[in-house]
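J.: Have a look at this one before I ask anything.
No lab work stands behind these numbers, since they all come straight from the coordinates. Given the structure is predicted, the values throughout are model-derived calculations rather than measurements. Cβ placement follows ideal geometry from the backbone for every residue including glycine, while neighbour counts extend to all protein chains displayed.
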Amino acid sequence: MVVLSSPSSKPSTKRIDWQAIAREFAQVVGKEGVVQRKEELLVYECDGLASYRQRPALVVLPRTTEQVSALVKICDRYAVPFIARGAGTGLSGGALPIENSVLIVTARMNQILEVDLANQRVVVQPGVINNWVTQAVSGAGFYYAPDPSSQIICSVGGNVAENSGGVHCLKYGVTTNHVLGLKLVLPDGSMVDVGGKVAEMPGYDLTGLFVGSEGTLGIATEITLKILKTSESIHVLLADFTSVEAAGQAVSDVISAGIIPGGMEMMDNFSINAVENVVATNCYPRDAEAILLIEIDGLAVEVAANSQRVEAICRQNGARSIRWPPIRRSASPSGKAVKPPSLPWAKLALIITCRMA
Ligand SMILES: Cc1cc2nc3c(=O)[nH]c(=O)nc-3n(C[C@H](O)[C@H](O)[C@H](O)COP(=O)(O)OP(=O)(O)OC[C@H]3O[C@@H](n4cnc5c(N)ncnc54)[C@H](O)[C@@H]3O)c2cc1C
């Protein structure tokens with residue numbers, strides 16, 4: 001649960017003058033940056049964990065670090081709690097307001113501030129959507145590795161707070177492995193920089209401390225990310241099995257053979273049919289008890305060899321059929337790279353979440 005309040009502020013016993021606070025907020029972000037009508041506040045009463053709901057007293061939409069700092073100082077002065085919110089896709093209630101709180105929403109902090117291909121760095125505001133980062137650099141053959149299934153809607157700020165991971169985290173790590181530096185607004189409104197543009201800065205690893213702290217330590221207002229060069233070659237294998245156990249054994253055997261796939265996902269029969277019912281990919285056999293999607297990436301020669309080994313391992317574990325569908329992430333002949341789209345079940349999850357909310 002995430003609620004920030006300044007260490008110096010004590011919960012107020014007085015009636016809170018929300019009109020006065022809203023006026024002060026408006027001086028910082030303009031009237032259009034303050035949401036106070038009840039029906040508009042409803043949009044912000046929960047995140048992806050829609051079973052818990054609480055309407056915030058006010059929502060405020062800053063555009064810059066300085067504005068966030070000024071807003072937090074106002075909250076501090078009035079001793080009202082505030083909560084950061086990115087895209088509100090979190091599934092653990094992190095962006096859930098509490099009674100009489102202010103939600104500081106980063107949706108308008110959506111600028112990619114710097115792209116430094118030579119050093120493989122990108123600096124973003126926290127409201128930038130995860131897959132915008134890859135879109136910004138894919139033309140030059142780079143991508144941003146952490147890819148939660150919500151990547152088409154979740155914000156980088158939320159990813160930082162939740163230390164989000166995705167399909168590719170087995171090989172490439174989660175968000176903390178790709179964040180080098182942060183500009184932060186602390187609960188008293190002060191601004192600090194932690195980390196920087198190089199990995200392993202001297203001193204305490206305050207960047208590592210902040211990533212995954214779920215909004216409890218401050219608000220990230222600028223984030224320096226590491227981007228990766230797209231692999232020379234990528235193959236994706238789809239194997240279907242008559243039991244979940246056989247598919248699971250194939251996963252263990254691939255790893256114990258010393259192969260770390262770029263991504264490896266299993267779907268059971270229920271998931272396969274749910275995806276086919278809703279997304280209708282027509283590529284997953286409805287009668288399979290389990291399927292494995294294994295992405296093998298790296299140098300072309302390595303991918304060719306490992307693809308054969310992985311296929312053999314799947315067959316040894318009784319795979320009924322093996323297919324090599326069109327690649328999801330590739331370095332094209334022109335050197336342009338394409339980030340993989342979310343897997344169908346992830347799209348399904350998004351559809352279900354949207355319907356629930
Ligand atoms: C369909 C679906 C699929 C998902 N798949 C994955 C997955 O594969 N992997 C995964 O890890 N998660 C997944 N999630 C969960 C969620 O998308 C991630 O946790 C994501 O990182 C949240 O980002 P957000 O912008 O929506 O953050 P929000 O939900 O808005 O906020 C999440 C937390 O971050 C804090 N926060 C937000 N912005 C900031 C900031 N700038 N500074 C400090 N704190 C901040 C909030 O206070 C809150 O505690 C999924 C969710 C859905 C709905």
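J.: Could you tell me whether segment 35-78 comes out rounded, prolate or oblate from its Cα gyration tensor? Rule is a ≥ b ≥ c as square roots of the eigenvalues, rounded for a/c under 1.5, then prolate if a/b exceeds b/c, otherwise oblate.
T.: Prolate.
J.: Also, quick follow-up: Report the full-extension gain for the segment ILE260 to THR242: residue separation times 0.36 nm, less the Cα-Cα distance, to one decimal in nm.
T.: 4.1 nm
J.: Here is a further query. Could you tell me how many degrees, from 0 to 90 and to the nearest 10, lie between the Cα long axis of helix 65-78 and the main elongation axis, the longest principal axis, of the Cα atoms of the chain?
T.: It is inclined by approximately 50 degrees.
J.: What nm value, rounded to one decimal, do you get for the distance between GLN54 and ASP205 when each label is placed 7 Å out toward the C-beta?
T.: The modelled label-to-label distance comes out at 3.3 nm.
J.: In the structure shown, do any of LYS183/LYS229; LYS31/LYS226; LYS38/LYS73; LYS73/LYS183 have a Cα-Cα gap over 28 Å, and if so which?
T.: Flagged as over cut-off: LYS31/LYS226.
J.: Hey, rough spin-label estimate for ILE98 and LYS171, points 7 angstrom out along Cα→Cβ, what's it come to in nanometres?
T.: About 4.3 nm, to one decimal.
J.: Listing LYS183, LYS229 from the residue with the fewest other Cβ atoms within 10 Å to the one with the most, what is the order?
T.: The order, fewest Cβ neighbours first, is LYS229, LYS183.
J.: Quick one: compute the contact order of the chain, relative version, from alpha carbon pairs under 8 angstrom and 6+ residues apart, as a percent.
T.: That works out to 16 percent.
J.: Write down the percent of antiparallel bridges among all DSSP beta bridges whose residues are both part of the chain, to the nearest 5.
T.: 85 percent
J.: Same structure, new question: Report the antiparallel proportion of the DSSP beta bridges in segment 43-144 as a percent, rounded to a multiple of 5.
T.: 35 percent
J.: Sorted by mean Cβ packing within 10 Å, highest first, what order do the peptides 272-282, 256-266 take?
T.: Sorting 272-282, 256-266 by mean packing, highest first, produces 256-266, 272-282.
J.: Going by alpha carbons, how many degrees (0 to 90, nearest 10) lie between the helix axis of 300-316 and the longest principal axis of the chain?
T.: The answer is roughly 70 degrees.
J.: Applying 1/(1 + (r/R0)^6) with R0 = 56 Å to the Cβ-Cβ distance of ASN282 and LEU117, what FRET efficiency is obtained, to the nearest 0.05?
T.: Once rounded, the FRET efficiency stands at 0.90.
J.: Can you tell me the alpha carbon radius of gyration of the chain divided by the globular rule-of-thumb value 2.2 N^0.38 Å?
T.: Working it through for the chain, the quotient is 1.10.
J.: In degrees, nearest 10, range 0 to 90: what is the angle between the Cα axis of helix 344-356 and the longest Cα principal axis of the chain?
T.: Tilt of helix 344-356: around 30 degrees.
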